[in-house]
1. Being closer than 30 Å to Ile90 by Cβ, aliphatic (A, V, I, L, M), surrounded by fewer than 14 Cβ atoms within 10 Å (Cβ to Cβ) and modelled with pLDDT of 95 or more narrows it down to one residue among Ile126, Ile112; which is it?
2. Which of the residues belonging to segment 25-50 are more than 12 Å from the ligand (Cβ to nearest atom), in a helix (DSSP H, G or I) and buried (at least 18 other Cβ atoms within 10 Å of the Cβ)?
3. Could you tell me which residue of segment 182-197 is surrounded by the most Cβ atoms within 10 Å (Cβ to Cβ), considering only residues that are within 12 Å of the ligand (Cβ to nearest atom) and in contact (Cβ under 8 Å) with a residue 24 or more places away in the chain?
4. Do we find that Lys242 is touching a residue at least 24 places away in the same chain (Cβ under 8 Å) and of a type in the set (Lys, Arg) in this structure?
5. On the basis of being outside any strand (DSSP E or B), open to solvent by less than 10 Å² (accessible area, probe 1.4 Å) and either of a type outside the set (Asp, Glu) or free of Cβ contacts under 8 Å to residues at least 24 places away in the same chain (or both), does Ser9 make the cut?
6. Anything in segment 245-260 that is touching a residue at least 24 places away in the same chain (Cβ under 8 Å) and assigned to a loop (DSSP other than H, G, I, E, B)? List them, or say none.
Amino acid sequence: MIVLKLGGSVITVKDKPMTPRPETIRRLAGEIAEADVKLILIHGGGSYGHPVASRYGIKGGYSSENQLQGLAETHQAMVKLNTLIVEALIKAGVPAIGVPPSSLIITTDGRITELELQALRGMLKIGLTPVLYGDAVLDTMLGFTILSGDQLASRLAVELGAERLIYGVDVDGVYTKDPKRDEAELLERVTPKTLRELEAASPTAVDVTGGMRAKIEEALRAAERGVEVVILNAMREGIILKALRGESVRGSWVVADADD
Ligand code: ADP
């Protein structure tokens with residue numbers, strides 16, 4: 001079984017609210033159909049979930065009653081994006097089924113502590129492809145928070161014994177610096193040491209790695225538990241098909257047991 005996380009930067013236009021990339025979504029659905037593997041798909045929020053969640057401060061937890069409206073809107077924005085992905089998959093011939101994480105998961109200070117797996121296990125067993133996403137979830141300490149698709153993907157890969165976890169983003173993998181801002185080299189191998197180096201380069205509250213640092217942290221958690229993890233560029237045509245088939249692709253392999 002494989003867990004595939006598609007980043008919000010891949011399936012949406014990140015700086016334009018509620019703007020999907022229908023062509024990319026259709027192409028990726030086709031690649032997933034062609035690969036024909038047992039799969040759980042997770043997608044990010046991109047320009048659907050993020051703007052409304054940050055407007056209402058959902059990630060920081062409960063501070064006022066009017067945030068509940070924001071939580072509802074955040075979840076609904078994600079349901080809309082999920083519908084686009086699921087419909088594209090069904091059209092491509094994949095028996096995809098949207099599964100809302102907020103119905104299965106509770107976090108404690110942002111980390112998953114309750115996770116109901118029975119339905120997911122059953123869906124996989126029968127041959128369905130569950131499609132989950134980063135979501136607004138209840139949290140025992142914060143009241144509610146945002147659960148990232150990256151954490152969810154890593155945790156599901158571990159709990160369900162995935163052989164491979166693929167993070168599809170809009171760059172070729174992890175670089176020495178943000179490749180969109182600076183000239184940087186691709187790191188084909190990412191270890192806990194890489195994470196420490198990126199942290200040292202950006203120690204303050206202003207995290208210049210964006211979501212990449214958190215993504216590596218989540219990736220390492222799965223790698224530590226024996227899952228093969230790769231971060232690659234899902235914007236490149238055919239790469240998801242290859243990665244799902246286990247063929248060699250350009251990207252960054254995340255390994256926990258490196259002797260450095
Ligand atoms: P997504 O939301 O699609 O899952 P993120 O936007 O959180 O992905 O992270 C991917 C982005 O991280 C890339 O588009 C890239 O611009 C940025 N980034 C920052 N630092 C790095 C780095 N060292 N290596 C690779 N990407 C980086």
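1. Just one listed residue meets the conditions, Ile126.
2. Here is the first cut: in segment 25-50, the ones more than 12 Å from the ligand (Cβ to nearest atom) are 25-41.
Cutting the leftovers down to in a helix (DSSP H, G or I) gives us 25-35.
Passing the criteria: Ile25, Arg27, Leu28, Ala29, Gly30, Glu31, Ile32, Ala33, Ala35.
3. Val190
4. no
5. no
6. Gly246, Arg250, Gly251, Val255, Ala256, Asp257, Ala258, Asp260
For every residue, the table says whether it meets (1) closer than 21 Å to Ser9 by Cβ; (2) open to solvent by 10 Å² or more (accessible area, probe 1.4 Å); (3) not in a helix (DSSP H, G or I).
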| site | (1), (2), (3) |
| --- | --- |
| Ile146 | yes, yes, yes |
| Gln151 | yes, yes, no |
| Ser154 | yes, no, no |
| Lys177 | yes, yes, yes |
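The values are calculated or read from the model by the stated rules, or taken from the named source; none is laboratory data. Computed from a predicted model, the values in this text were never measured in an experiment. Here Cβ is always computed from backbone atoms with ideal geometry, including for glycine, and neighbour counts include all displayed protein chains. Accessible surface areas use protein heavy atoms only, side chains included; no ligands, DNA or RNA. Shrake-Rupley method; radii C 1.70, N 1.55, O 1.52, S 1.80 Å.
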